[in-house]
Structure formats: structure tokens, C-alpha cells
Amino acid sequence: MNRRNFVRNAALAGAALPLKDSLMDNAAASRQQWYELRTYAFATDAQRGLTSAYLEKSLVPALNRAGSRQVGVFTELQPEGAVARSYVLIPFGSVEAFTALNEKLANDSGYVQSAAAYLDAPATAPAYQRIESSLLKAFAHMPQLEAPAQKPRIFELRRYESPTEAAGQKKIEMFNDAGEIDIFKKVGARPVFFGETIIGQYRPNLTYMLTFDDMAAHDAVWKAFGSDPDWKAVSKKPEYSDARLISKITRTFLAPAPFSQI
């Protein structure tokens, strides 16, 4: 090969690299994430304090090392019990990453050492009363978690239970294909994630999270959503009526912990 052809081929190869990288980036961005949503219930403030220290100093850094970024840690704003529960949202790039997590943590010496007080808490003084955990798959129309800007804000976690699996899939279709997610964004609601519960309580259900500057903004956005003409058109379709698709709605208002990455 003469020098001119060599230079030309090298230039073409170099020009192709950004396209390949771009295609890989686009593929990664369109891949549906998986989420573990944990709820820690406490009987005492001491339990909540111990678990909070564990989350901040041990679990969140270890999750970051294991490849999970943008880990959210939240506290109930309107607790149902005497002690507010803690919520942890952990994103994964694949279900295999989720199943490999416990082994990664066990082999992370920094995690094991820093988490000793939590992991080795005696039965007479446990770090929590119980942990509930769900595995969710991101919606196709919002395949990746979208973390908001780091500033004072509140979060609303909503769970829609459906009477049947078919109804649950139809409600997911309403979000994905009928434009409900886009309507949220249009009226100023800031979605963080949408997920179908694959493993967990109250199935079939979908769970999603929105964020607002404050409660006044929350109320204004939901008012705008309810009066939006696109929403009215979609919600009036018989196949998308709440009476057919939703049996119960649960909403929880949350405040981010100081060390939350969401």
C-alpha cells in the first residue's frame, strides 16, 4: 500500500470511530434499566440513625464502585408511623448486574469494614424492623433514570395497582404509546423514572417518581395535567379508563437525604 492510500484509509478509519462510539452511546441510552426500590421500616430513631449512616458511608459508595450511579436515598415527608421510613432507589444496567450485587458487596473489603456496625447489629438492637424490596423494569418510553438538578426539592412516589395483568399492561401502554409520559413533561412535571414491578408486593403494579420544587409547584403541575387537552383526549378513551385499569393508587411524598445522588 502506498503512502497516499495508507493516509486515506487511516483517515477513513479515524472518521468512523466517532460514528461507532455514537452508535454505542445511543444503544446504551436506549437500553431499559432495572431498578431496585427498597423501603426500610424503623421502630426507633436509633435504628434510623444507624441505617442512615450505613447508607451514606457504606452502601452508596459501594454501589457506585459496583457500577450503580445516581443512587437515590429518601425519607418520608408524611410518615405513616412514629418513625419515618427510608427509601432507596438503585439503578442497574441489566438484571444480571442486579443479581450480582450481593456477591460484589461481599467481596468489597471497604464495604464490609465500614458497614460492620450495621451488618453485625445484634438481634436485640437491629438496624431496622424490616426491609421491603421490589425489582422494576424501566418503561420503554423512558428507559433511563433522569436525575434532576441538585437543589431543594420534593419527590412524589406513585404506585398504580391494577386488577389484572392485562389491565396493568394496558396502563403501561398508556404511558408509553398513548403519550402520558410526554404530557407529564409538557406540563412541567419532572419524571425521574417509570418502572413495571417484576418482583415485589401488590402486583400487578407500576411505580413511578416525579419531582417538584415544592408542594405549591406540585399542586400547580397536577392541576395543569388534569386540564391538559391531550390528557383529556387520552383519558376519555374507553380502553384507558381508570375504572378498567387501576384498582388502587398509593402516593408517598419524599425528601432526599443530604447524601442522595438524586
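Here are some notes:
- Residue separation of residue 216 and residue 57 scaled by 0.36 nm, minus their Cα-Cα distance, works out to 53.9 nm of gained length.
- Figure note: 230, 45 ranked by solvent-accessible area, largest first, 1.4 Å probe, ligands and nucleic acids not counted: 45, 230.
- Extension gain, residue 232 back to residue 120 (0.36 nm per residue minus Cα-Cα distance, nm): 35.0 nm
- Comparing Cα centroids, the range 221-262 and the range 82-124 end up 31 angstrom apart.
- For residue 77, the residues whose modelled amide H falls within less than 5 Å of its own, excluding neighbours fewer than 5 places apart on the same chain, are 253, 254, 255.
- For a label point 7 Å along the Cα-to-beta-carbon line of residue 129, residues of the range 72-105 with backbone N under 16 Å: 76-87
- Here is how the number arises for the chain: DSSP H runs of 4 or more residues each give -39500 (n - 2.57), the sum is divided by the residue count, and the result at 222 nm is -11500 deg cm²/dmol.
- Label zone at residue 46 (point 7 Å along Cα-to-Cβ), backbone N below 18 Å, the range 73-114: 82-84
- Förster radius 25 Å - calculated FRET efficiency between residue 186 and residue 250, Cβ distance, rounded to 0.05: 0.50
- Local electrostatic count, residue 154, Cβ distance below 15 Å [Lys/Arg +1, Asp/Glu -1]: 0
The values are calculated or read from the model by the stated rules, or taken from the named source; none is laboratory data. Everything quoted here is computed from the prediction, not taken from an experiment. Ideal geometry is used to build each Cβ from the backbone, glycine not excepted, and the neighbour counts take in all protein chains shown. Areas reflect the complete protein model, heavy atoms only, side chains present, ligands, DNA and RNA absent. Shrake-Rupley method; radii C 1.70, N 1.55, O 1.52, S 1.80 Å.
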